[in-house]
Amino acid sequence: LVIDNQFRIWLPDFNQMEIALTPLPKTLYLFLLKNPKGILFKELSQHRKELLSIYAKTGNRLNLEQMKKSINDMTDIRSNSIHEKSSRIRAAFTSQLLDINARNYYIHGERNQPKKILLPTSLIILPDSL
């Protein structure tokens, strides 16, 4: 898995396939790639500053208050937003790959357990700017 300097997601082992995600799901995905041990979704609010930093790099919004609101909504445990973003990530991979291949790339984790990407970190290339 390669994340380029424009934060596009590429799968070199699958003929340089690009996986397209909108900015908020992409923010969550990049955050989880940077945190390979995983994170409890109920603790995401403790990482709003880092999520906002990633969102500012990947998103196309210029309004800081709107960006903060989007991150706050995504990390609000009373909201279903985080699960919607997780589902969009899974759908982006399963729409391009058979599930047996896609499963290493999308978010996994049992209820009340850390959520993470199963792909080994040795197979992930992230840009220095992330």
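Values as computed for the structure displayed
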item: Check on ASP99, open to solvent by 60 Å² or more (accessible area, probe 1.4 Å), under 18 Å from TRP10 (Cβ atoms), at pLDDT below 95 and not β-branched (Val, Ile, Thr); result: no
item: Scope the stretch 58-96; condition in contact with a Pro (Cβ under 7 Å, 6 or more places away or on another chain) and exposed (fewer than 13 other Cβ atoms within 10 Å of the Cβ); matching residues; result: ASN60
item: Near pairs, Cβ below 7 angstrom, 6+ apart or cross-chain, from the stretch 109-120 (over 12 Å from PRO36 (Cβ atoms)) to any residue that is open to solvent by less than 50 Å² (accessible area, probe 1.4 Å) and in a loop (DSSP other than H, G, I, E, B); result: GLY109/GLY38
item: Cβ pairs under 8 Å, 6+ apart, first in the stretch 42-69 and in contact (Cβ under 8 Å) with a residue 40 or more places away in the chain, second assigned to a helix (DSSP H, G or I) and not charged (D, E, K, R); result: ILE54/THR27; ILE54/LEU30; ILE54/PHE31; THR58/PRO23; THR58/THR27; THR58/LEU30
item: Hits in the stretch 107-130 - residues which are farther than 24 Å from GLU43 by Cβ, within 15 Å of the chain's Cα centre (by Cα) and in a loop (DSSP other than H, G, I, E, B); result: PRO127
item: Check on LYS116, surrounded by fewer than 15 Cβ atoms within 10 Å (Cβ to Cβ) and charged (D, E, K, R); result: no
item: In the stretch 24-40, residue nearest to LYS115 (Cα to Cα) [restricted to those that are within 9 Å of the chain's Cα centre (by Cα) and not hydroxyl-bearing (Ser, Thr, Tyr)]; result: LEU32
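Per-residue answers, yes or no, for (1) among the β-branched types (Val, Ile, Thr); (2) closer than 23 Å to ASN5 by Cα:
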{"site": "LEU21", "(1), (2)": "no, yes"}
{"site": "GLY59", "(1), (2)": "no, yes"}
{"site": "MET67", "(1), (2)": "no, yes"}
{"site": "MET74", "(1), (2)": "no, no"}
{"site": "ILE77", "(1), (2)": "yes, no"}
{"site": "SER81", "(1), (2)": "no, no"}
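The values are calculated or read from the model by the stated rules, or taken from the named source; none is laboratory data. What you see is a predicted model, and the numbers here were worked out from it, not measured in a lab. Backbone-built Cβ (ideal geometry, glycine too); neighbour counts: all protein chains shown. What goes into the accessible areas is simple: the full protein's heavy atoms, side chains included, and nothing from ligands, DNA or RNA. Shrake-Rupley method; radii C 1.70, N 1.55, O 1.52, S 1.80 Å.
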